[in-house]
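Read through the structure below, which is laid out as structure tokens, and then see the notes.
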Amino acid sequence: YDDFYGDPRFPQWDYEDVLPGPRSLLEYGGKKYMVANDHDGQVMYYRRDLLEDPEHQAAFKAEYGYDLKVPETWAEFRDVAEYFDGKDLNGDGTPDDGLTMHLKVGGQGMFHFMSFSAPFVIGPDNPNLYWFDPETMKPLMDSPGHQRAMETLIDLIQFGPEAMMAWSLGESWDHFLRGEAALTFTWGDLGALAQEEGSQVKGKTGAAPIPGTTEYYDITAGEWKKVDGVNRVGNTTGGSWAGVISKFSDAPEATYYLLALMATKEKSKIYAARGWDGVDPGRYSHFLPPEGTASLDDYLAAGWDEQDIKDYTKAYYDNFNAPLQFPYLRIPGTFEYWTALDVHLSEAATGQKTPEEALKATVDDFEAITDRLGRDLQKQSYKASLGFK
């Protein structure tokens, strides 16, 4: 839609208002294709009331030797999940869970792994290579970084309900919204749903960027590398609900007009504040000062708790502005690749395969998909998706 953007015949929206992470999905090979609407990405949610409780703070420090805080690394996330697992978190007299995830095969489990594993593989010296070697299309999914990530993710399963192995989004979100889990990581919808009638966690739901690691496996160098501080990687996991114009369209101008109208600042800020429509924030005009230009009053009028929306928008701003971003897969056959990962992740999570075996099987499936679709064509598409020549 390069020729349509900026044309006075159409509603005007600001491409540069979109933060760097989601903006990277709007174009492909140097051309604009996707009109901004929803801005998907995963962040961590935590029970603010639990982490701020003095009794929990004292007990946690006595057990783990450091202050109870919002987890910054996956190791800290594990500690917090382990500590709260089995405790009554909502006052109903029954034990609850340290975390909740949605791991049903054929659902969204592979997205969990993508966001989770990113800081084990992506780092300052390897900002792009996660899926394939762009010169050969050799899959990289069995690297030591991917393997450690899968082992770490599977280790966390013990702190959630057994039923979550068969849960899709709704069941996992409901578990958190009922106050039955201390932690989760997922899309922006959960933060908005926490504000709805019936939620047990309105005013208690904190949000922060996905935790990171203290070292990552640099695929380009073939070695583990430690970092100063925390290696955090932003993500656009989910790809966003947004419109494109089919090349077979009989009315491309009318199609663009509708998409551009929805993308205008006036419309977009309503969708983002409303939340339940599935449109998540991703523009400077969605975020509160000093990061953005949104009005706190607009969010409060839409029913948000003040501290919840401050935490939520800051988490997404930091996620989408992170210098390192997970390379979202955008090539022919993407869903097939994801399905292979999903199936083998489930096999590892349920003990049918070791993480090493599951990732090796994923690589074998990736090779077969690439060969069937044409290795040279896949290589061209993959390079274009990364902005390589």
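General observations
- Where THR264 falls short, out of the listed (1) more than 21 Å from the chain's Cα centre (by Cα); (2) touching a residue at least 40 places away in the same chain (Cβ under 8 Å); (3) surrounded by fewer than 22 Cβ atoms within 10 Å (Cβ to Cβ); (4) farther than 16 Å from HIS286 by Cβ: (4)
- Criterion: at pLDDT 95 or above and among the β-branched types (Val, Ile, Thr) - qualifying residue of THR354, THR350: THR354
- Residues of the range 236-288 classified as among the hydrophobic types (A, V, I, L, M, F, W, C) and touching a Pro at 6+ places or on another chain (Cβ under 7 Å), total: 5
- Exactly one residue out of GLY21, GLY29, GLY6 is free of Cβ contacts under 8 Å to residues at least 24 places away in the same chain and not β-branched (Val, Ile, Thr): that is GLY6.
- Hits in the range 342-355 - residues which are surrounded by fewer than 15 Cβ atoms within 10 Å (Cβ to Cβ) and touching a residue at least 24 places away in the same chain (Cβ under 8 Å): THR350
- Considering residues of the range 63-97 that are aliphatic (A, V, I, L, M) and closer than 29 Å to PRO119 by Cα only, the residue surrounded by the fewest Cβ atoms within 10 Å (Cβ to Cβ): ALA75
- Among the residues of the range 1-46, the ones that are part of a loop (DSSP other than H, G, I, E, B) and not charged (D, E, K, R) come to 22 in all.
- Within the range 53-83, tally of residues that are in contact (Cβ under 8 Å) with a residue 24 or more places away in the chain and acidic (Asp, Glu): 3
- Residues located in the range 232-247, provided they are over 20 Å from the mean Cα position of the chain (by Cα) and hydroxyl-bearing (Ser, Thr, Tyr): SER246
- Criterion violated by LYS383 - all others in (1) charged (D, E, K, R); (2) buried (at least 16 other Cβ atoms within 10 Å of the Cβ); (3) within 22 Å of LEU19 (Cα to Cα) satisfied: (3)
- Top-ranked residue of the range 1-34 - restricted to ones that are of a type in the set (D, E, K, R) and touching a strand residue (DSSP E or B) at 6+ places or on another chain (Cβ under 6 Å), ranked as farthest from TYR316 (Cα to Cα): ASP2
- Any chance LYS389 is touching a His at 6+ places or on another chain (Cβ under 8 Å), assigned to a loop (DSSP other than H, G, I, E, B) and over 30 Å from GLU196 (Cα atoms): no
- Pairs, first closer than 15 Å to THR186 by Cα in the range 155-171, second among the polar types (S, T, N, Q) and assigned to a helix (DSSP H, G or I), C-beta under 8 Å, six or more apart: MET164/SER172
- Meets criteria (more than 21 Å from ASP364 (Cα to Cα), under 17 Å from the mean Cα position of the chain (by Cα) and part of a loop (DSSP other than H, G, I, E, B)) for LEU103: yes
- In this entry, ASP297 is excluded by the filter for residues that are more than 20 Å from ASN126 (Cβ to Cβ) and surrounded by 18 or more Cβ atoms within 10 Å (Cβ to Cβ).
- Of the residues making up the range 235-290, those that are hydrophobic (A, V, I, L, M, F, W, C) and not in a loop (DSSP other than H, G, I, E, B) are ALA254, LEU258, LEU259, ALA260, LEU261, MET262, ALA263, ILE270, ALA272, ALA273.
- Scanning the range 201-247 for residues that are among the polar types (S, T, N, Q), assigned by TED's automatic domain parsing to the domain that holds GLY145 and surrounded by fewer than 17 Cβ atoms within 10 Å (Cβ to Cβ) gives THR214, THR220.
The values are calculated or read from the model by the stated rules, or taken from the named source; none is laboratory data. Keep in mind that this is a model prediction, so the values were computed, not measured. Heads up, the Cβs are rebuilt from the backbone with ideal geometry, glycines too, and the neighbour counts pull from every protein chain shown.
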